[in-house]
1. Taking the stated definitions as given, is VAL175 farther than 14 Å from ASP148 by Cα and touching a strand residue (DSSP E or B) at 6+ places or on another chain (Cβ under 7 Å)?
2. Where the second residue is surrounded by fewer than 21 Cβ atoms within 10 Å (Cβ to Cβ) and of a type in the set (Phe, Trp, Tyr) and the first is over 20 Å from THR185 (Cα atoms) and assigned by TED's automatic domain parsing to the domain that holds SER228 and lies in segment 115-131, which pairs have Cβ atoms under 6 Å and are six or more apart or on separate chains?
3. When the residues of segment 24-36 are narrowed to those that are at pLDDT 80 or above and aliphatic (A, V, I, L, M), which ends up surrounded by the most Cβ atoms within 10 Å (Cβ to Cβ)?
4. As an exercise: evaluate TYR57 against (1) at pLDDT 75 or above; (2) of a type outside the set (A, V, I, L, M); (3) touching an Asp or Glu at 6+ places or on another chain (Cβ under 9 Å); (4) surrounded by 14 or more Cβ atoms within 10 Å (Cβ to Cβ) and give the number of the one condition it does not meet.
5. Of the numbered conditions (1) in a helix (DSSP H, G or I); (2) within 14 Å of GLU197 (Cα to Cα), LEU96 fails exactly one; give the number of that condition.
6. Name the residues in segment 145-187 that are surrounded by fewer than 17 Cβ atoms within 10 Å (Cβ to Cβ) and among the β-branched types (Val, Ile, Thr), would you?
7. Go through (1) surrounded by fewer than 13 Cβ atoms within 10 Å (Cβ to Cβ); (2) modelled with pLDDT under 95; (3) among the charged types (D, E, K, R) for LYS260 and report which single condition fails.
8. Tell me whether segment 158-168 contains one or more residues that are in a loop (DSSP other than H, G, I, E, B), in contact with a Lys or Arg (Cβ under 7 Å, 6 or more places away or on another chain) and not small (Gly, Ala, Ser).
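The values are calculated or read from the model by the stated rules, or taken from the named source; none is laboratory data. All values derive from a computational prediction rather than experimental measurement. Don't worry about glycine lacking a Cβ; one is built from the backbone with ideal geometry, like all the others, and counts go over all protein chains shown.
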Amino acid sequence: MNLTKVFSVIVLFTVLVSCGKSDKQQAAERLQLAQKVYAQGDTTQALQQLDTLKMRYKDVIKTEIEAKKFTQKIYSEILYNKQAEMDSLKLKIAKLEKNFIKEKTQFDLDTQMIYKRQQFKNRWNKSFIQVHLDEKGNLYISSNYFGDKWLNHTGIRVYDDTLQAKTKKVPLNNVLNHHSDFMNTKWEKVTYRNGDENGVIQFIADHAKRNLKAVFLGSRYYYIILESYDKRAMVEALELSKALKQKIKLQKEIDSLQAKVV
């Protein structure tokens, strides 16, 4: 039902009310209006009409009881649909999680979702871009450098031909710019949190089929070609992130609806 039709119905209702009808008649007509707009698919307008009825016509007990029952019916149907949506979402999440392992250390507030092909034990001697995801859907990346000379890098740029995305700069004195060494081996890990990844995750996911390269930006440049499984990690982590956030949002809606149908 479009806005023009809704407005016309409300105007008509107002005119009818002004004709001196009793509260009982007015309440009954508002209930009928709520039922009509709901049948036409306008749940929001139906609930608004029912709320108005319950506020204005508290003395019309029979109609108010019917209005409450109808309100619960609407919320019950919405709840059923939301629960069905949740069931479908859980199946999607379970499918996506198959390529991740879950880990929670004493330093983690939330369970971490680590892409299986990006576990550090398999990549400690490689330079690569790692995606990080937790159970709440929070997502960020880090650039990991392995070599025999310091880069002192503070950011990365991912590109192919004229297409590119670049992280924000994370200064060397920042706690998220970490350096370690052993014998003649150097490791650098720069973590891009709180938006510092600057769209790089989405860029990689959007162009995962391209031959993407990355340059580590520091005292000297260091180039890598992104492995297919690292690009796939970005795609799946981004999709899982969205699903996990949707699950949290949906659960709040379900909890609210359950309180309304009791």
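1. On the way: farther than 14 Å from ASP148 by Cα: yes; touching a strand residue (DSSP E or B) at 6+ places or on another chain (Cβ under 7 Å): no.
Taking the combined requirement at face value, the residue does not satisfy it.
2. From segment 115-131, the pairs are TYR115/PHE100; ARG117/TYR229.
3. Across segment 24-36, the extreme among qualifying residues is ALA34.
4. (1)
5. (2)
6. The answer is THR162, VAL175, THR185.
7. (1)
8. The first filter runs over segment 158-168 and keeps only residues in a loop (DSSP other than H, G, I, E, B), leaving 161-162, 167-168.
Keeping just the survivors that are in contact with a Lys or Arg (Cβ under 7 Å, 6 or more places away or on another chain) gives none.
Checked against the condition, which is being in a loop (DSSP other than H, G, I, E, B), in contact with a Lys or Arg (Cβ under 7 Å, 6 or more places away or on another chain) and not small (Gly, Ala, Ser), segment 158-168 yields no hits at all.
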